[in-house]
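First comes the structure, then the notes that go with it.
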Amino acid sequence: MALDLLLHSDKNEKSYIISLEGTLDEAIANWPVLLPFKESLVFLDKKEGISPRTFLKLLSIFRKIHPDSVHTHHIGPLFYAGIASRIMGIKNLLHTEHDAWHLEDPKRKKLQKFVVNVANPIIIADAVTVANNLRKHLNKDNISVIHNGINTERFIPGNMYEARKSMGLSTRSKIVGCGGRLEPIKGQSFLVEALSILPDNIHLAIAGDGSERGNLQDQVENLGIKHRVHFLGRIDNMETFYQSLDVFCLPSLNEGFPLSPLEAQSCGIRTLVTHVGGAHETICPKTGMLVEEANPEALALSLQHMLKQPKSLSPRNYVKQHGNVQLMASAYRELRNTPRSNKFIIN
């Protein structure tokens, strides 16, 4: 999202992205897509725990470039950049929350309320569900909603046969795809179990990596469906992955406003998501489906239904109209409402 906002900045703006943690070399090594943007990236290499030095680094950066606006994401950046912005007298401070489940923790809730009261940012939620939860937990009514957007010129329909060949996937099977971090909260184990209920000609392709990969591979082995589940690891050309699918599924147990359903649908792929967080706000009402979380039987039934549907209707136009990154960037520019801003920090 930060990169998309940078790419779609106003021509009179100079935008920077500041990461509290890590170094530029580490980031580019792990995510080569950052290389073309390296002149706009700043890494503060913050270690664990409260870091007064990070405040000093931010104050030094702000004195040097004199930003008109600062835009933070999540509580850590808000804590450091929000307070530093107020010390420097920066008037326009925006803060986007991508989920609110962390506020169920009393300590996190107390910290967030404190920082919000001190920094007093314009608060944006990326989903209506997130906004409602923020209002409840933070006792704030003036919360804007700006849905995240994706690049619909990158995520486009393609040749399924060629996409599958490049991914090493079967061209004769029905393929359900899932993409994201392999972590318990993402619910991939329920999707694997659902696959074991479905006919043998239905395969599952999983893009991404994480701490659950070993457990998922053991589960696949124990269920006897190793030949039907394809662990693709981390993929940079996700548009090709989506193009290879018959159906995309996001089986998460918790979400804010996920981007992967928008990306898949922009590629013309029907999408099934669990009814958690703001995931339902990403789904085309004519082609998508919602399903209860942590329910393999319901997942299997829904997937079977979607795989039987004709492909004459595409969800792509829905995403172009409701989930386009240009709409998102325009909404943030309007909200900042700065007179010909020339420097903008995305933290």
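Students often get this wrong, so check it: of Lys64/Lys110; Lys113/Lys136; Lys46/Lys186; Lys14/Lys109; Lys14/Lys110, which have C-alpha atoms separated by over 23 Å?
Too far apart for the 23 Å limit: Lys64/Lys110; Lys46/Lys186; Lys14/Lys109; Lys14/Lys110.
Each residue of region 253-267 in turn: what ³J(HN,Hα) in whole Hz from Karplus with 6.51, -1.76, 1.60 and θ = phi - 60°, glycine and Pro shown as x?
So the J values, rounded to whole Hz, are 8, 7, 8, x, 10, x, 8, 4, x, 5, 4, 4, 5, 5, 7.
Local charge sum around Lys109 (other residues, Cβ-Cβ under 15 Å, Lys/Arg +1, Asp/Glu -1)?
Residues near Lys109 contribute +3 overall.
Show me the ranking of peptides 230-237, 117-124 by mean Cβ neighbours inside 10 Å, starting with the highest.
117-124, 230-237
Work out, step by step, the length gained on full extension between Arg135 and Ile87: first 0.36 nm times the residue separation, then minus their alpha carbon distance; give nm to one decimal.
Gain in length upon complete extension: 14.6 nm.
Need one word for region 160-322: rounded, prolate or oblate. Basis is the Cα gyration tensor (sqrt eigenvalues a ≥ b ≥ c); a/c below 1.5 gives rounded, then a/b vs b/c decides.
rounded
Around Asn133, under 14 Å between beta carbons, what's the net of Lys plus Arg minus Asp minus Glu among the other residues?
My count for the surroundings of Asn133 gives -2.
Can you spot the lysines whose alpha carbon is less than 18 Å from Lys226's alpha carbon? Ignore those fewer than 8 places along the same chain.
Lys174
Find, among the GluC sites (Glu not before Pro) in region 243-302, those assigned to loop by DSSP (not H, G, I, E, B) with at most 16 other beta-carbon atoms within 10 angstrom.
Answer in residue order: Glu292.
For labels at Ser211 and Leu35 in the simple 7 Å Cα→Cβ model, what's the distance in nm?
Computed distance between label sites Ser211 and Leu35 equals 3.2 nm.
Relative to the first principal axis of the alpha-carbon coordinates of the chain, what is the inclination of helix 128-138, with its axis defined by its Cα atoms, in degrees from 0 to 90 and to the nearest 10?
50
Sequence neighbours fewer than 8 away in the same chain don't count; with that in mind, list the aspartates and glutamates whose C-alpha is under 16 Å from Lys308.
Within reach: Asp200, Asp246.
Would you mind counting up the charge near Ile202? Only other residues with Cβ under 9 Å from its Cβ, with Lys and Arg at +1 and Asp and Glu at -1.
Around Ile202, the charge tally is 0.
Show which aspartates and glutamates lie in cross-link reach of Lys57 when reach means a straight Cα distance below 13 angstrom and same-chain residues fewer than eight apart are skipped.
The reachable aspartates and glutamates, counting only those whose Cα sits under 13 Å from Lys57, are Glu21, Asp45.
Just from its helices, what would the mean residue ellipticity at 222 nm be for the chain, if runs of 4 or more DSSP H residues each count -39500 (n - 2.57) and the sum is divided by every residue, rounded to the nearest 500 deg cm²/dmol?
The helix-only estimate for the chain comes to -11000 deg cm²/dmol at 222 nm.
Using modelled amide H (1.01 Å from N, peptide plane; none on Pro or chain starts), what sits under 5 Å from the amide H of Phe43, excluding residues fewer than 5 places away?
Correct list: Ser19, Leu24.
Using per-residue counts of other Cβ atoms within 10 Å, averaged over each peptide, order 284-290, 96-102 from highest down.
96-102, 284-290
What is the angle, in °, between the Cα long axis of helix 296-307 and the longest principal axis of the Cα atoms in the chain? Nearest 10 is fine, range 0 to 90.
80
So what J values fall out for region 38-48 if you push phi through Karplus, 6.51 cos²θ - 1.76 cosθ + 1.60 with θ = phi - 60°, rounded to Hz, Gly and Pro as x?
Along region 38-48, the couplings run 4, 6, 9, 10, 10, 10, 9, 6, 5, 8, 5 Hz.
Quick check on packing: order 176-183, 147-154 by the mean number of other C-beta atoms within 10 Å, highest mean leading.
Top of the packing list down: 176-183, 147-154.
Sort Leu223, Leu303 by Cβ crowding within 10 Å, fewest neighbours at the top.
Sorted ascending by nearby Cβ count, the order is Leu223, Leu303.
Bear in mind these aren't lab numbers, they're just calculated from the coordinates by the rules spelled out. Note that the coordinates shown come from a computational prediction; the quantities given were computed from them, not determined experimentally. Every residue, glycine among them, receives a Cβ derived from its backbone with ideal geometry; neighbour counts consider all protein chains shown.
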